[in-house]
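Engineer: This is the structure, below, for whatever I ask next.
Only the coordinates and a few stated rules stand behind these numbers; no lab work does. If you're wondering where the values come from, they're calculated on a predicted model, not measured in any experiment. With ideal geometry, Cβ positions are generated from the backbone for all residues, glycine too; neighbour counts draw on all protein chains shown.
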Amino acid sequence: MPIEIIETRRLYRQIADQIASLIASGEYTPGMRLPAERLLAEQLSVSRPSVREALIALEVEGWVDIRGGTGVFVRGRPPAAAAGEPQPDVAERQEPAPVGPIELLDARDMVEPEVAALAAKNGTEETIGTLSRILGEMVCCASTDPRHMDLDHQFHASLADATGNGALVQVMETLWAMRLAPLYVQLQNHFHNEAVWQQAILEHREIYEAVRNHDAKTARAAMHRHVANARKRYVSNWQES
């Protein structure tokens, strides 16, 4: 029996490569609407969040166009593929696929609640004052203002700083860098609006209040709720007709 290559690609990447292969072969033609996310998940025997990550990856790469409230439509081969470069279903990728948004949210939920709890225990007047200032700027910032992402970053980075643990500061920066990857940003863009931003501000305020009161238990719960709400938005139903 010949030795078979062990599949190590992330699941969303395997799904994306399979759909891209179907587009490249002409099974799905430009302008055609792909089957609904629910149907794709059933056909592939995978979860809907994994399909969603795959579709977002294909949108980033130029294979499809996701139209809220309408569906996912084939754009055709991206320029690189049309130029004859190896297709994703047959090319051996030299680098692993980027971490998917759901995978990242799972990691955040393991780390950030404990960061918030430790910040509540160790926060000083100075670090808590910094969090207060950032939260105030977030309140004055609209969802359409490009600064909203930077302020979000500042808040979470300052929480890590408040722990007094330099290793956690570096861990948080690593997690944030993953949030800036195209796949995560593109998914976020499909759900980000003023209502979502205002809800996020309220969640950050709950975290801040717990840290200010040096209430580690409440801070931990507030951060877990914040990350859980982000996950709910990303795995909620597309508004498909």
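Engineer: Starting with the highest mean, order 16-27, 190-201 by the number of other Cβ atoms within 10 Å, averaged over the residues of each peptide.
Structural biologist: 16-27, 190-201
Engineer: At 222 nm, what value in deg cm²/dmol follows for the chain if DSSP H runs of at least 4 each add -39500 (n - 2.57) and the sum is divided by all its residues, to the nearest 500?
Structural biologist: Calculated at 222 nm, the ellipticity per residue is -21000 deg cm²/dmol.
Engineer: Less than 15 Å Cβ to Cβ from His153, Lys/Arg counted +1 and Asp/Glu -1: what total charge do the surrounding residues give?
Structural biologist: It works out to a net charge of -3.
Engineer: (i) 32, 20, 17; (ii) 38, 20, 15; (iii) 42, 22, 15: which one is semi-axes √(5λ) of the Cα gyration tensor in Å as calculated from this entry?
Structural biologist: After the calculation, the listed value that fits is (ii).
Engineer: Relative to the longest principal axis of the C-alpha atoms of the chain, give the angle of the C-alpha long axis of helix 147-163, reported between 0 and 90° and rounded to the nearest 10°.
Structural biologist: It works out to around 60 degrees.
Engineer: Relative to the longest principal axis of the chain, what angle (0 to 90°, nearest 10) does the C-alpha long axis of helix 194-212 take?
Structural biologist: On a 0 to 90 degree scale, this one is about 40.
Engineer: For every other residue with a beta carbon closer than 12 angstrom to the beta carbon of Ile201, add +1 if it is Lys or Arg and -1 if Asp or Glu, then tell me the sum.
Structural biologist: Net local charge, Ile201 excluded: -4.
Engineer: Also, quick follow-up: Taking the dipole about the Cα centre of the range 101-235, with the C-beta of Lys and Arg at +1 and of Asp and Glu at -1, give me whichever of Thr163, Ala219, Trp176 is farthest to the positive side.
Structural biologist: The Cα lying farthest towards the positive end belongs to Ala219.
Engineer: Rank by packing, highest mean first: peptides 178-188, 113-123, with packing defined as the count of other Cβ atoms within 10 Å averaged across residues.
Structural biologist: Most protected by this proxy first, the peptides run 113-123, 178-188.
Engineer: Charges only on Cβ, +1 for Lys and Arg, -1 for Asp and Glu: so what's the dipole of the range 101-235 about the Cα centre, in debye to the nearest 20?
Structural biologist: I would put it at about 300 debye.
Engineer: On a 0 to 90° scale, report how tilted helix 166-179 is relative to the longest principal axis of the chain, with both axes built from alpha carbons and the result rounded to the nearest 10.
Structural biologist: With rounding to tens, the tilt is 40 degrees.
Engineer: On to the next question. Provide the net charge surrounding Val171, with neighbours chosen by a C-beta distance below 15 Å and charges set as Lys +1, Arg +1, Asp -1, Glu -1.
Structural biologist: -4
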